[in-house]
1. Take Thr70 and tell me if it is open to solvent by 60 Å² or more (accessible area, probe 1.4 Å), out of contact with any strand residue (DSSP E or B) (no Cβ under 9 Å at 6 or more places or on another chain), of a type in the set (S, T, N, Q) and under 30 Å from Glu261 (Cα atoms).
2. For the stretch 282-292, state whether one or more residues are touching a strand residue (DSSP E or B) at 6+ places or on another chain (Cβ under 7 Å), assigned to a loop (DSSP other than H, G, I, E, B) and without any contact (Cβ under 8 Å) to a residue 60 or more places away in the chain.
3. So which helices (runs of 4 or more DSSP H) stay within the stretch 162-237 end to end and still have 3 or more residues that are aromatic (Phe, Trp, Tyr)?
4. Look through the stretch 231-241, keep the residues that are farther than 15 Å from Ala56 by Cβ and within 17 Å of the chain's Cα centre (by Cα), and return whichever of them is surrounded by the most Cβ atoms within 10 Å (Cβ to Cβ).
5. When you go through Glu185, Glu153, Glu179 one by one, which is the residue that is acidic (Asp, Glu), open to solvent by less than 50 Å² (accessible area, probe 1.4 Å) and modelled with pLDDT of 95 or more?
6. When residues of the stretch 36-88 are filtered for being assigned to a loop (DSSP other than H, G, I, E, B) and either modelled with pLDDT of 95 or more or not basic (Lys, Arg) (or both), how many remain?
7. Being open to solvent by less than 30 Å² (accessible area, probe 1.4 Å), among the acidic types (Asp, Glu) and out of contact with any helix residue (DSSP H, G or I) (no Cβ under 7 Å at 6 or more places or on another chain) is the filter here; which residues of the stretch 279-321 pass it?
8. Checking Ser270 against (1) closer than 15 Å to Leu322 by Cα; (2) outside any helix (DSSP H, G or I), which test does it fail?
Amino acid sequence: MTLGDKPNAVRDSSLDRLSESHTNSISPSDTAIAQYAGRELQPNRGIPLNLDWIDAVRVNTSAVERRAQTLVTRRTVKKEWQAAWLLRAITCMDLTTLSGDDTDERVRRLCAKARQPLQQENVQKLGVESLNIRVAAVCVYHTFVETARRAVEGSGIHVAAVSTGFPAGLSPLQERVNEIRRSVEAGADEIDVVITRAHVFGARWQALYDEIATFKNACGPAHLKVILGTGDLLTLRNVARASLVAMMAGADFIKTSTGKEAVNATLPVSLVMVRAIREYAHETEMAVGFKPAGGIRTAKQSLEWLALMKEELGTSWMKAELFRFGASGMLADIERQLEHYATGRYSADYRHPIA
């Protein structure tokens, strides 16, 4: 897959922005959040939109599909290594409820599960009490942000809110911006926003950049996770180009889907997005996180996505600061696999309710 040549203009402008942002009292190692190719990477602050870079993007679809297929056909990790990877998957999970019949009580039950995702007896059998395993965040509608914030207080678990007219993202811009600000004021640590897909179809990259930059500004101290709605974008080239624009505009994470599209997270789409992240890191020395969401339901799938991150970006991205699963239904299967490792027996799904 080719994501285009690497324009010197991009390298120069982005590195200038990096150098201007550092003070003499702060070294890059003090703020680095990842490493790639021996270089320390900073959190993303965005760069000016570079249309030459976007226009140069090319994607070899057959090569992407062949590479993605290797992740599901090879021999996977086994025994204690598999248990360790599954525990890591839990710590990278955004436990989510985004149903029309959500209630405060359901959100509180979800938060209780977030604080203790594994049954205590299995934690003891696995010998991982000291690890304090918990999920990375709970993701809810704006209405339930305050309920979730109170329920996870003191746990270190973040509260994420879906905003900007989720899932369609078609409400007026000012309404979407106000929704972000209200969620941040209510206590959200992270905001998952939806882009206007029509900007991608029309190649209106400046409009898409300006929209995401506006969302980023409205987030203030909260992290911005940009949902591309990849199932709607039709081509892998569109996915790659939208990914780059989102990162240039300042996204902290790029996310595949709302979970409401007909097609959600797939390995080929994820590979394209992860390689866009890699190219962006190479050019700017800034790290952007990745979140696949929707359609990921089994423990085996969690291993496939973790393998993708390790092989394409390295171990720096195998942590909650830079990788998330938007896949609550997957937790029950992970619990069952861990219980099997600890006891030799599989338990029924109903013994591992989410909320």
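1. Against the criterion (open to solvent by 60 Å² or more (accessible area, probe 1.4 Å), out of contact with any strand residue (DSSP E or B) (no Cβ under 9 Å at 6 or more places or on another chain), of a type in the set (S, T, N, Q) and under 30 Å from Glu261 (Cα atoms)), Thr70 does not qualify.
2. Within the stretch 282-292 (the criterion being touching a strand residue (DSSP E or B) at 6+ places or on another chain (Cβ under 7 Å), assigned to a loop (DSSP other than H, G, I, E, B) and without any contact (Cβ under 8 Å) to a residue 60 or more places away in the chain), the answer is yes, since at least one residue qualifies.
3. 205-219
4. Restricting to residues being farther than 15 Å from Ala56 by Cβ and within 17 Å of the chain's Cα centre (by Cα), the top hit is Val239.
5. On inspection, the qualifying residue turns out to be Glu179.
6. From the stretch 36-88, those assigned to a loop (DSSP other than H, G, I, E, B) are 37-38, 44-50, 56-60, 74-78; that's our starting set.
Pick out the ones that are also either modelled with pLDDT of 95 or more or not basic (Lys, Arg) (or both) and you get 37-38, 44-50, 56-60, 76-77.
Number of matching residues: 16.
7. Glu279
8. Result: Ser270 fails condition (2) only.
The values are calculated or read from the model by the stated rules, or taken from the named source; none is laboratory data. Worth saying up front: this structure is predicted, and the values here are computed from it rather than measured. Ideal geometry is used to build each Cβ from the backbone, glycine not excepted, and the neighbour counts take in all protein chains shown. Side chains included, ligands, DNA and RNA excluded: accessible areas come from the protein's heavy atoms. Shrake-Rupley method; radii C 1.70, N 1.55, O 1.52, S 1.80 Å.
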